[in-house]
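Notes follow the structure.
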Amino acid sequence: MASQLVREWTGLQQFPVATQQTLYELMSKLKEENVSFLTILVLGKGGVGKSSTVNSLIGERVAVVSAFQSEAMRPILCSRTRAGFTLNIIDTPGLVEGGYVNDHALDLIKRFLINKTIDVLLYVDRLDSYRVDNLDRQVVKAITNTFGQQIWQKSLLVLTHAQMSPPDGLSYAEFVNKRSAALHAAVFEGAGFRKIEIVKDLEMKAKNTVASSVSTFSRTMKYTVSRIEREGRIPVQLHWILRGTMWMIKSAYDMVRGTVSKVPAHLKTLPLPLCRKIRVVLVENSGRCNTNDGGEKVLPDGTVWIPNLVKNIVEVATNGTKPVLIDKKLIEGTDPNQMGKLLIPLVLFLQYRFLLEPMRRKALRLSDWEEDGFEQSSSSRILFPEIEELEAKVPIRAKDLEEEEE
Ligand code: GDP
Ligand code: MG
């Protein structure tokens, strides 16, 4: 960023006093966290309000706004500084051209971003649209392929044109929820999070199984010891208790192993990012936006949107996930999501091998303990009904599963 011209953030003084106060508070919060500058990348299709949002945030007309999509073909970086804090915002050309993802625009953007670190991505769309289609998923996919899945941990879904009246008798909140849910689904699918969530879910179940089994094991051992202390001799039932314990260990082992083996091979190779829910923030860039008594722009639901947007930006920037460095490797590498893929089978393996010797409380049915073994075959099915759902939902080649099961 050093080569860019950093100007004093005079636009800040154009905001109503209450907005300025909130922004100064947020800047000092960042300073407390040793953050003295933020870099925000603004992406989205053309004409959705990216440049207008940049102008609204800066409080100056820095980016060209156009109603007819003859927008700038190059990204622009705007840097403003105030009270020891620097805000960098990168406005970009629209990512769709002639009904297709504009790879040329994406290429320009990524080359422009080389050696920059993105603290927050604002993925912009309109609130007052009713459709989410395959093109939206394609745009998200193209962003993911370019910057890696981790960019979504640093993102906000910004919806412009938020001063609107919902159709079909829907309330404002209902409409916002529906539109957000549809866009969330598109982002999750486009970014490939849906499958990862299933793997994470299974992994969490396996962890819970291990934890509860360890506790059952320790309770069983305590019971045995107290019997020995109380009776001054080894109880005759010790043999059965130990057999039961051994069975529980084995069945927990089988459960975890069963879970692992049922995850289809192509899902096991996915990374495990912290898949946080991407927040939706509403924006109204129009000069006709309603204002409150303090002159601050308010949305139909009463949100004072500029401070709210900045607050969300600060929260994403400080959410503990790493900012995304756009380095040569990321740009030239074929798939930025490769990292960590190999770790997944290892993590799963370590979980059942070393945490294990476990058993699930649910599986502890003392009354079922019999000398000649127990019904084990269905245990992983009972505990992991999702496996069947997973098999139904995710298109898996039958061959993959057969190989896994072998
Ligand atoms: P970009 O192509 O994504 O950068 O979109 P622009 O910022 O150039 O905006 C495209 C058109 O939408 C312009 O005519 C803007 O005035 C208008 N626009 C952008 N944001 C809003 C908004 O929140 N509300 C309304 N009413 N119009 C907006
Ligand atoms: Mg623009």
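The length gained by stretching the chain between residue 250 and residue 114 to full extension, at 0.36 nm per residue less their Cα-Cα distance, is 43.7 nm.
When +1 charges are put on Lys and Arg Cβ atoms and -1 charges on Asp and Glu Cβ atoms, the dipole computed for region 82-148 relative to its Cα centre reaches about 220 debye. Under a 5 Å amide H cut-off, with hydrogens placed 1.01 Å from N, residue 155 pairs with 121 among residues at least 5 apart or on other chains.
Fully extending the segment from residue 327 to residue 97 would add 80.2 nm, taking 0.36 nm per residue of separation and subtracting the current Cα-Cα distance.
With θ taken as phi - 60° and the Karplus curve 6.51 cos²θ - 1.76 cosθ + 1.60 applied, the whole-hertz 3J(HN,Hα) list for region 244-250 is x, 4, 4, 5, 4, 4, 5 Hz, x standing for glycine and proline. With unit charges on the beta carbons (Lys and Arg positive, Asp and Glu negative) and the dipole taken about the Cα centre of region 29-170, which residue among 92, 162, 44 sits farthest to the positive side? With unit charges placed on the Cβ atoms, the residue in question is 92.
Rounded to the nearest 20 debye, the dipole size of region 106-192 about its Cα centre is 320 debye, using +1 on the Cβ of Lys and Arg and -1 on the Cβ of Asp and Glu.
Ranked highest first by the average count of other Cβ atoms within 10 Å around their residues, in what order do 158-164, 248-254, 298-304 fall? Please list the in-between numbers first.
Working: 158-164: 22.4, 248-254: 19.9, 298-304: 16.1.
Output ranking for 158-164, 248-254, 298-304: 158-164, 248-254, 298-304.
Quick one: grab the alpha carbon gyration tensor of region 1-147, order the square roots of its eigenvalues as a ≥ b ≥ c, and give me rounded if a/c is under 1.5, else prolate or oblate depending on whether a/b is larger than b/c. Show your work: numbers first, answer last.
Details: a/c = 1.94, a/b = 1.62, b/c = 1.20.
Cα axes put region 1-147 in the prolate bin.
In whole Å, what is the distance between the alpha-carbon centres of region 301-318 and region 84-126? Result: 20 Å between the Cα centres. In order along region 121-130, phi translates into HN-Hα couplings of 9, 9, 9, 9, 8, 9, 6, 8, 9, 10 Hz, rounded to whole numbers, per the Karplus curve 6.51 cos²θ - 1.76 cosθ + 1.60 with θ = phi - 60° and x for Gly and Pro.
All of the numbers you see were taken from the coordinates with simple rules; none came from a lab. The structure displayed is predicted, hence computed values, not measured ones. Positions of Cβ are backbone-derived with ideal geometry, glycine not excepted, and every protein chain shown enters the neighbour counts.
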